[in-house]
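Following: one structure in structure tokens, then a few remarks.
The values are calculated or read from the model by the stated rules, or taken from the named source; none is laboratory data. Just so it is clear, the structure is predicted and the values come from calculations on it, not from any experiment. So basically every Cβ, Gly included, is an ideal-geometry build from the backbone, and we count neighbours across all protein chains shown. To get the accessible areas, we keep the full protein, side chains included, count just its heavy atoms, and leave off ligands, DNA and RNA. Shrake-Rupley method; radii C 1.70, N 1.55, O 1.52, S 1.80 Å.
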Amino acid sequence: MNQVIKPGPETPSQANGLPQLSVIVPTFNERDNVTTLYRRLEAALGATRWEVVFIDDNSPDGTWDVVRGLAQRDSRVRCMRRIGRRGLSGACIEGILASSAPYAAVIDADLQHDETQLPKMLALLQSGQAELAIGSRYIEGGSADSFDKQRAGASALATEVAKRALGIKVADPMSGFFMIRRDRFEQLAPQLSTQGFKILLDLIATARGELRTIEVPYTFGSRLHGESKLDSMVAMDFLGLVLAKLTHDVISLRFILFGMVGSVGLIVHLTTLFIALEFFNWPFAEAQALGAFVAMTSNFILNNFLTYRDQRLKGFAILRGLVLFYLVCSVGLFANVGVAFSVYDQEPIWWLAGAAGALMGVVWNYAMSGLFVWRKK
């Protein structure tokens, strides 16, 4: 006998149609914050039709499980659990593209952003006054007093570098709190980097002044639970993004970071060579080999934590990846020397030949590392 399945009680989103606003929340180890943020959004957005999409990078603390529990009670809550990839920018891009509302806001799960500004930002976009609304700490009425001196100085320096290098006019291009028209975001998305933390800076630089933008002041709060996700590699990540945008993305952010790591590796190589020769009196051949070995090892570690942080190798895969990286770089060394000799035969200028060989080595190592060491699954 056939049974009729009766629908359950309607939730607010079902009863009132599709959401007007999608709130995108990238998370990693934020289980103590997500429920509080959900309740704050519920209070701040009131009668607005909204949804919240948590994009969790497979948090070890089970953040995704807490969000799943919220989603079972309220259909406005969605959880995207990402396996095998990391990074705030990539999470935001995936979340916005997976959203269903005409407007999308990005807000951190650490409770430092002011969710009460969301209705004002939404009104600005709906009225057509802006296509991008930025929660700004650095205009009148805004504040970042919760920063310690070190972080305040770093933020101010990064903001100034971004504004001068890329010609950006907004006061707070480093903000992680903003709202954008989804159709405008989709136009820009193919040109955005999935790496790093500064998705707003990437958006503004990619748009090249073609996004109508308004900044809304807010007070940056203090983190209540958990730890900041900003590590010591963020400075290089930021610099790489600025350089990529200066080339209008002709050179990718990942390639620039790979090259920057290679520059650090050169310093490591020369330092190791000097120590082996001056302090241990090694023969040059052995010292040179040791320098190359130490440099390749340091390059692998830095690339794993920075360049390929969204595909970071863990466990036994680190050892396998290191061996493959040694092999790739060994072949790259031969390519380096071969190109250098070829150029020198044509034009006997040592620095030109050396630069050409080094560039060939970097291109080879980058291409083969992406193909064999940090392969996308």
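Which residues, taken from the range 322-337, are open to solvent by less than 50 Å² (accessible area, probe 1.4 Å) and farther than 15 Å from PHE300 by Cα?
ALA335, ASN336
Assuming SER146 fulfils every condition listed in (1) part of a loop (DSSP other than H, G, I, E, B); (2) of a type in the set (Gly, Ala, Ser); (3) surrounded by 19 or more Cβ atoms within 10 Å (Cβ to Cβ) apart from one, which condition is it?
Failing condition for SER146: (3).
Quick check: anything in the range 50-57 buried (at least 16 other Cβ atoms within 10 Å of the Cβ) and at pLDDT below 95?
Yes, the range 50-57 contains a residue that is buried (at least 16 other Cβ atoms within 10 Å of the Cβ) and at pLDDT below 95.
Does ARG164 count as farther than 19 Å from LYS245 by Cα, over 16 Å from the mean Cα position of the chain (by Cα) and not acidic (Asp, Glu)?
no
Hey, among ASN281, ASN303, which residue is closer than 17 Å to ARG375 by Cα and either surrounded by 14 or more Cβ atoms within 10 Å (Cβ to Cβ) or over 34 Å from the mean Cα position of the chain (by Cα) (or both)?
That would be ASN303, the only listed residue that is closer than 17 Å to ARG375 by Cα and either surrounded by 14 or more Cβ atoms within 10 Å (Cβ to Cβ) or over 34 Å from the mean Cα position of the chain (by Cα) (or both).
Got a number for residues in the range 298-328 being β-branched (Val, Ile, Thr), over 24 Å from SER89 (Cβ atoms) and free of Cβ contacts under 8 Å to residues at least 12 places away in the same chain?
1
Out of the residues in the range 341-359 meeting the condition of being open to solvent by 70 Å² or more (accessible area, probe 1.4 Å) and in a helix (DSSP H, G or I), tell me which one is modelled with the highest pLDDT.
GLN346
Can we say GLU210 is in a loop (DSSP other than H, G, I, E, B), free of Cβ contacts under 8 Å to residues at least 24 places away in the same chain and open to solvent by 60 Å² or more (accessible area, probe 1.4 Å)?
Answer is yes for this residue.
Only one of (1) of a type in the set (S, T, N, Q); (2) at pLDDT below 90; (3) over 21 Å from the mean Cα position of the chain (by Cα) fails for SER228. Which number is that?
(3)
Restricted to the range 97-107, and to residues that are surrounded by fewer than 23 Cβ atoms within 10 Å (Cβ to Cβ) and at pLDDT 95 or above, which residue is nearest to CYS79 (Cα to Cα)?
Going through the qualifying residues, I end up with LEU97.
For the range 121-130, does any single residue satisfy the condition of being open to solvent by 60 Å² or more (accessible area, probe 1.4 Å) and either among the small types (Gly, Ala, Ser) or under 18 Å from the mean Cα position of the chain (by Cα) (or both)?
Yes, the range 121-130 contains a residue that is open to solvent by 60 Å² or more (accessible area, probe 1.4 Å) and either among the small types (Gly, Ala, Ser) or under 18 Å from the mean Cα position of the chain (by Cα) (or both).
Does the range 176-188 hold any residues that are surrounded by fewer than 24 Cβ atoms within 10 Å (Cβ to Cβ) and either in contact with a Phe, Trp or Tyr (Cβ under 9 Å, 6 or more places away or on another chain) or modelled with pLDDT under 95 (or both), and which are they?
GLY176, ARG181, ARG182
Could you say whether any residue in the range 75-85 is touching a Pro at 6+ places or on another chain (Cβ under 8 Å), open to solvent by less than 10 Å² (accessible area, probe 1.4 Å), assigned to a strand (DSSP E or B) and closer than 12 Å to VAL23 by Cα?
No, the conditions are met nowhere in the range 75-85.
One line per residue, one yes/no per condition, for (1) free of Cβ contacts under 8 Å to residues at least 60 places away in the same chain; (2) in a loop (DSSP other than H, G, I, E, B):
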residue	(1), (2)
THR48	no, yes
PHE54	yes, no
ASP61	yes, yes
ILE93	no, no
ALA104	no, no
LEU122	no, no
GLY135	no, no
GLY153	yes, no
ALA162	no, no
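Any idea which residue in the range 239-276 is farthest from the chain's Cα centre (by Cα), counting only those that are among the small types (Gly, Ala, Ser) and surrounded by 19 or more Cβ atoms within 10 Å (Cβ to Cβ)?
ALA276
Would you pick out the residues in the range 31-46 that are open to solvent by less than 10 Å² (accessible area, probe 1.4 Å) and either in a loop (DSSP other than H, G, I, E, B) or modelled with pLDDT under 95 (or both)?
If the condition is that a residue be open to solvent by less than 10 Å² (accessible area, probe 1.4 Å) and either in a loop (DSSP other than H, G, I, E, B) or modelled with pLDDT under 95 (or both), then ASN33 is the only one that fits.
Which condition from (1) in a helix (DSSP H, G or I); (2) open to solvent by less than 50 Å² (accessible area, probe 1.4 Å) is the one that LEU313 breaks?
Among (1) in a helix (DSSP H, G or I); (2) open to solvent by less than 50 Å² (accessible area, probe 1.4 Å), LEU313 violates only (1).
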